[in-house]
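As C-alpha cells, the structure follows; a few thoughts come after it.
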Amino acid sequence: MSKAQRESLKNRVLKAPLLSISLEKEIKKLKKELSWIKGDRNAVTLQKNSNLRVVLIAIRKGASLLEHKVEGPITLLVLSGKINFLANEESAKIKANELVVLEKTIPHDAKAIEDSIFLLTIIQPK
C-alpha cells in the first residue's frame, strides 16, 4: 500500500450519524489505484458499522468474485457495466441501474461480463 493510500485510509470516516459520499469521486479514486491499473479489481469500503457495510467495487471484464456467502442479506446495485450474478444455481445478468437482492447465507458469486462498477450493501446480523 502506498503512502498516499495509507493517508487516505487514515482520513476516511466509515461510521457517523450521517455520511455523504460522492460515488463519482470514489470511482475516480478507485481507477487511479494500482489494484485497478495492474489488477482485475479494486474496492473501497464506504461505510461500516456493526449492522451495515457498503462497499464500492470495480471489476474488470472476465474477473469473478468466487462463490462465497455472508451472514446477512445483501444488495448489489450495478452502476456501470454488466455482471452475471449466480445464486442457488440461478443466474441473472444485471446491468447499469439494476439491482439484485439476496437473502442471508445463500452461496453466490459474480462475474463481470464487461468492466463494471457496483455498490454492495451487506446487512450484518445482530
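Rule-based calculations on the coordinates, nothing more; no lab input. Note that this is a predicted model, so its numbers are computed, not measured. Please note: Cβ atoms are built from the backbone with ideal geometry, for glycine as well, and neighbour counts cover all protein chains shown.
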query: How big is the gap, in Å, between the Cα center of region 53-70 and the Cα center of region 105-126?
result: 6 Å
- request: Enumerate the amide H contacts of residue 46 below 5 Å, restricted to partners 5 or more residues apart or on another chain; note that Pro and chain-start residues carry no placed amide H.
  value: 54, 55, 56
field: Straight-distance crosslink candidates among aspartates and glutamates, where the alpha carbon sits under 14 Å from residue 25 and sequence neighbours closer than 8 are dropped
entry: 33
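Beta carbons within 10 angstrom, averaged per residue: use that to sort the peptides 18-28, 66-76, highest first.
Numbers: 18-28: 10.5, 66-76: 14.5.
The packing order, highest mean first, is 66-76, 18-28.
Taking 8 Å as the Cα distance limit and 6 or more residues as the minimum spacing, I'd like the relative contact order of the chain as a percentage. If you can, show how the numbers build up before the last one.
On the way: 267 pairs, mean separation 34.1, N = 126.
Relative contact order, the chain: 27 percent.
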message: Treating only the Cβ of Lys, Arg, Asp and Glu as charged (+1, +1, -1, -1), what charge dipole size does the chain show about its Cα centre? Round to the nearest 20 debye.
response: 700 debye
query: Helix-derived [θ] at 222 nm for the chain: sum -39500 (n - 2.57) over DSSP H runs of at least 4, divide by residue count, nearest 500?
result: -5000 deg cm²/dmol
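From the C-alpha coordinates alone, can you work out the Kirkwood hydrodynamic radius of region 41-126, in Å?
Working: mean 1/r = 0.0784 Å⁻¹.
Evaluated on region 41-126, it is 12.8 Å.
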message: Give me the extension gain from residue 51 to residue 66: residue separation times 0.36 nm, minus the current Cα-Cα distance, reported in nm with one decimal.
response: 3.0 nm
query: Within region 41-126, what is the number of lysine pairs with alpha carbons under 16 Å apart, leaving out pairs fewer than eight places apart on the same chain?
result: 13
